[in-house]
Amino acid sequence: MLETFANMESVTLWAFMAASLVMYLTPGADMMFTIASGIAGGPKAGFAATLGVTLGLLVHITLAAAGLAVVIAASPTALLVIRYAGAAYLVVLAWESWRALPPSDAADGRANVARALRRGFLTNIMNPKIILFILAFLPQFTTPEAGPIWQQIVILGLMFAAGGFVVVSMIGLSAGLVGAKLKKATGVLNKCASIIFGSLAAKLVFD
């Protein structure tokens, strides 16, 4: 793996990171989910949501490297099942956020962090667009001369995940700080998070 990384051209790696930065800053499902989690649960929840999303992304990268993602992407039925399962999950999150009560103690705060981590992971895993994105984006920066393609996908995937974690976690923490300052408006913030989750579900189904 280290030999493959050493054989990859630095120009290619820099181009990959530049393209990845554009992807990080483009509002998408993961970013909106992290923002909603930060607003609803505070900075720690925003950070936990980012960690969950990143863990889900690592699973997708592993599948891509193993070639299983190609099989999933080639099956319209599998993609539909994943798409609608993800949308249904987001609808559940929207409903829970809409009905959520303000946290009353530290235990509730810890629960929010655990939920944000779990929800971030599941939301990312059940988004079939992540599979297609990885299959379309990462291979563009691989070359047969550098070494095994699967190793290059793993390397690029880890770089993409690490960079995304840094950028999106800062956004989640910022959203959490804003939410903390507006603690008295927790009910309104939960409603905002609910609307975001619901919008993401609709986008996943109809986009």
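Laboratory data are not the source of any read-out in this text; all were calculated from the coordinates shown. Small disclaimer: the values here were computed from a predicted structure and weren't measured. Here Cβ is always computed from backbone atoms with ideal geometry, including for glycine, and neighbour counts include all displayed protein chains.
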- request: Using the number of other C-beta atoms within 10 angstrom as an exposure proxy, rank L57, L158 with the fewest first.
  value: L158, L57
message: Assuming 0.36 nm per residue, please report the length gained on full extension of the stretch V59 to E3 beyond their Cα-Cα distance.
response: 17.8 nm
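Count the net charge of all other residues whose Cβ sits under 13 Å from the Cβ of I155, scoring Lys and Arg as +1 and Asp and Glu as -1.
Values: positive: none; negative: E3, E9.
Local charge sum for I155: -2.
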task: For a footprinting-style exposure proxy, rank R118, R83 by other Cβ within 10 Å, fewest first.
output: R118, R83
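What FRET efficiency comes out for the pair E96/V178, r = Cβ-Cβ distance, R0 = 25 Å, nearest 0.05?
Numbers: r = 21 Å, r/R0 = 0.85.
The calculated FRET efficiency here is 0.75.
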- line: The residues F206, F33, F121, sorted from fewest to most surrounding Cβ atoms within 10 Å, come out as F206, F121, F33
message: Once R0 is set to 41 Å, what does the formula 1/(1 + (r/R0)^6) return for the Cβ-Cβ distance between R118 and V11, expressed as a FRET efficiency to the nearest 0.05?
response: 0.55
